[in-house]
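Below you'll find the structure, written out as structure tokens, and then a few comments.
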Amino acid sequence: MDKQVWFSQLSPARQHLVRLCQVINYGHLQDLTIEAREPLFDSPVPTALLELRLDSEDPPRDEVAIDDFALCAEVGRLMSLLNQVENGKISKLEVRAGIPRRIVFEKSITNLPVARQAGSKDPVRCVVVETTAVQNNRGPSSRTCGEGGVRKDA
């Protein structure tokens, strides 16, 4: 993060997300909807999966009892990601020691970077063409990927 961001600077929904991570401590948050760059907790309700160690206690984070504190780098990256996703869904948010550590989020294929063929400025175009069966015999199917690669399957 470029400048230090404090918990009190976050919107109420983002504060709730940080507090939820602290309460989860170890586990996952699943199916968190993002709308207008803000997490939604009412419809649909995300699921919290808590991991509990049976051989020892995992103490809660110190920040749970504090009204305002500086955000760690991982929380800062999560807030930046919310700004980038804008509208979407976090499928899985992994929490370790009350801090968000890993995220799996859904992104429309149309928004993903386009692959390019080596030495070309044009995107790779893949076309799948399957021939129909003739007289109860299965005809070959072919797949064309890129400009020159043709693969034939029997």
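All of the numbers you see were taken from the coordinates with simple rules; none came from a lab. Please read all numbers here as calculations on a predicted model, not as lab measurements. When we count neighbours, we look across all protein chains shown, and the Cβ atoms used for this are built from the backbone with ideal geometry, even at glycine.
Couple of notes before you dig in:
- Modelled FRET efficiency - R0 25 Å, E51 with N87, Cβ distances, 0.05 increments: 0.25
- Stretching A97 away from V64 to a fully extended chain increases their span by 10.7 nm, per 0.36 nm per residue minus the current alpha-carbon distance.
- Taking amide H atoms as placed 1.01 Å from N in the peptide plane, the amide H of K89 lies under 5 Å from those of I34, E106, each 5 or more residues away in sequence or on another chain.
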